[in-house]
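As structure tokens, the structure follows; a few thoughts come after it.
We did not get these values from a lab; they are worked out from the coordinates using the rules stated. These figures come from a predicted structure and were not determined experimentally. Reconstructed Cβ throughout: ideal geometry from the backbone, glycine too, with neighbour counts over all protein chains shown.
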Amino acid sequence: MAKKDKVAKGCLNQVWTVTVWVSDKKRAIEFYTQKLGFTIALEDKKTGWVEVGLPGGFTKIAIVEPTKELGDSYYKYLTQRIGTTTGISFETFDINATYADLKAKGVKFEEPPQKMPWGGAILIFIDPDGNEFEIVEAKSQDSRNK
């Protein structure tokens, strides 16, 4: 979490949530919690808003199932976002162990981990709706925490 003394007033200081559009929120929550190890960080029964996050992490994923109450054109737009590349990347310290663990839990992958020219490795996994995510093992794990 960003410390207030490190961030100037009036500046952005954290990514709060990212949204993943899904066709079946209940199925998605089961996937994120049971297969990926996320916990439910916020669940508003009144609005149906659900956020999941990694233990110890700050940024949450809002799992949202579009509803027709949003209007026909917006509903159509949002449903077209289901099953696409999310642009969301997760970090791991051991990509091969992560791959083996998640594969054993039934997570689907495009291919095994791939070494990259910059020294790290990447892995693409797919949620039940076909949304794609990236897992990265960086060459220097602590480079972003300095």
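Taking θ as phi - 60°, what are the ³J(HN,Hα) couplings along region 92-106 by the Karplus curve (6.51, -1.76, 1.60), each to the nearest whole Hz, with x for Gly and Pro?
9, 8, 9, 5, 5, 5, 5, 4, 4, 5, 5, 5, 5, 8, x
What would the Debye formula give as log10 I(q)/I(0) at q = 0.14, 0.22, 0.23, 0.27 Å⁻¹ for the alpha-carbon point model of region 13-82, no solvent?
Log10 of I(q)/I(0), two decimals: -0.45, -0.98, -1.04, -1.24.
Could you run the Karplus curve 6.51 cos²θ - 1.76 cosθ + 1.60 with θ = phi - 60° over region 57-62 and give me ³J(HN,Hα) per residue in whole Hz, x for Gly and Pro?
Those phi angles translate into x, 9, 5, 10, 9, 7 Hz.
Once amide H atoms are placed 1.01 Å from N in the peptide plane, what residues at a sequence separation of 5 or more from Val136, or on another chain, have their amide H within under 5 Å of its amide H?
Amide H to amide H, under 5 Å and 5 or more residues apart or across chains, Val136 pairs with Phe90, Glu91, Thr92.
Toward the positive end of the charge dipole of the chain, about the Cα centre and with charges on Cβ (Lys, Arg +1; Asp, Glu -1), which of Thr85, Thr19, Ile122 goes farthest?
Toward the positive end, the furthest listed residue is Thr19.
Cut-off 10 angstrom, C-alpha nodes, Gaussian network model of the chain. Which of Asp24, Asp72, Asp127 fluctuates the most?
The residue with the greatest mean-square fluctuation here is Asp72.
So in the chain, what percent of DSSP beta bridges are antiparallel if you round to the nearest 5? Don't skip to the answer; put the middle values down first.
On the way: 17 of 26 bridges.
Beta bridges within the chain, antiparallel portion: roughly 65 percent.
Starting from the Kirkwood radius over alpha-carbon pairs of the chain, derive D by Stokes-Einstein at 20 °C in a medium of 1.002 mPa s and give it in µm² s⁻¹.
Values: Rh = 16.9 Å.
Translational D for this selection: 127 µm²/s.
Given H placed on each backbone N at 1.01 Å, which residues far from Gly120 in sequence or on other chains put an amide H within less than 5 Å of it?
Lys139
Would you mind telling me which residue in Lys68, Lys76, Lys103 has the biggest mean-square fluctuation in a Gaussian network model of the chain, where springs connect alpha carbons within a distance under 10 angstrom?
Between Lys68, Lys76, Lys103, it is Lys68 that shows the largest mean-square fluctuation.
Any idea how far apart Ser89 and Ala62 come out in nm if each label point goes 7 Å out from Cα toward Cβ?
Roughly 2.4 nm, to one decimal.
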